[in-house]
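Written out below as structure tokens is the structure these notes cover.
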Amino acid sequence: DVEDLIEEETCVFTLSNLNYVKRTPLDTYKSQNRGGRGIIGMQTREEDFVKDLFLASTHDTLLFFTSRGKVYRMKGYEIPEAGRTARGVAIVNLLEIDADEKIMAVIPANEFREDQYLVMVTKQGLIKKTDMTSFANIRKSGLIALNLREEDDLISVMTTDGRDEIFVATRSGMGIKFSEEDVRPMGRTATGVKAITLKEDDYVVSAVKIDPEGQLLNVTENGYGKRTDMDEYIRADGPQKRGGFGLKGYNITEKTGPVVGVKVVSDGDDVLVINDAGVIIRMAAAGISTYGRTAQGVKIMNLEEGVK
């Protein structure tokens, strides 16, 4: 088997907005301090930027989920290795995806068990849970992972054990935390149920699985960010249920700009932040200050005019 001849190593996988993908050895990125300028992580065309960046093994199976709700699979080593500043290879050369499909999430998986689930969250605030075995045999031409409504897009996909807590964050700084048990498992072709009720013009930017030991890191368009403790998202009258409006999680101002992403971090983690000019900065999560839900955070990356 060709896989036995390939050394197993952890790599940084990078996916750009225009669906260019590459893998780079982890030691290419050195750690820096908060507020620095960062190093170039990928030379992108002007209209392109890095959308997803994650660590996985060359032997992991990677599941690629598209904006249209389809899923495709590849092995880590099948993605060509490229240098830090290279663009990588267009995903259409590796997967049989339609021209109007974009890759929204990549999930590294090395086993497909019944007690593991994939939880998907859409831009319009719908959530769907399907057990992992439904994705064990994916054809080259892909499979339907989720039936999407016309104006909706898939935003986030995560693996869970059936008892996890989910956090959904919106562009306007709202956030809702609820138990995954509020969401019953459904078949591959179902649409899902409501995760959060959105106010007008708002939409979901991130959905993450809660780690009770970790904190929520919010990052905004103008390079501001903060960490917030998980228990700030428990109401006085008890835990939130899925489908509500949620609680204010970020004080959005003209200075900060809207929320662009939320991740769960622990003190020992490093965070990679990237702007749409392709500049990456890597910093210790512990170096980003902790504030309450309604604070506006601190500057974590210096941006030049017009850069987000």
Cβ-derived FRET efficiency at R0 22 Å, residue 54 paired with residue 163, nearest 0.05: 0.40
Members of 140/209; 177/226; 140/177; 70/263; 75/299; 199/226 lying beyond 26 Å, as alpha-carbon distances in this model show: 140/209; 140/177; 75/299
Gyration tensor (alpha-carbon) shape descriptor, the stretch 262-304, a/c threshold 1.5: oblate
Neighbourhood net charge (11 Å Cβ-Cβ; Lys/Arg +1, Asp/Glu -1) for residue 104: +2
Solvent-accessible area of residue 156 with every protein chain in place, 1.4 Å probe, in Å² to the nearest 10: 10
Distance histogram in 10 Å bins (all Cα pairs of the chain, percent per bin): 6, 27, 36, 26, 5, 0
Residue 191 versus residue 26: modelled label distance in nm, points set 7 Å from Cα along the beta carbon direction: 4.2
Surface share of carbon and sulfur [accessible, 1.4 angstrom probe, percent] for the chain: 44
Extension reserve of the residue 136-residue 85 stretch, reckoned as 0.36 nm per residue once the Cα distance is removed: 15.0 nm
Length gained when the stretch residue 144-residue 269 is fully extended (0.36 nm per residue, less Cα-Cα span): 41.6 nm
Tensor-based shape of the stretch 85-199 (alpha-carbon gyration tensor, a/c under 1.5 rounded, otherwise prolate or oblate): oblate
Solvent-accessible heavy-atom area per residue, rounded to whole Å², over the stretch 214-308 at 1.4 Å: 45
The chain: most fluctuating residue of 259, 273, 121 per GNM, C-alpha cutoff 10 Å: 273
Accessible surface, the stretch 60-169, averaged per residue in Å² (probe 1.4 Å): 42
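The values are calculated or read from the model by the stated rules, or taken from the named source; none is laboratory data. Since we're looking at a predicted model, the values are computed, not measured. In this analysis, Cβ positions are derived from the backbone assuming ideal geometry, glycine residues included, and neighbour counts consider all displayed protein chains. Protein only, heavy atoms only, side chains kept; ligands, DNA and RNA dropped before computing areas. Shrake-Rupley method; radii C 1.70, N 1.55, O 1.52, S 1.80 Å.
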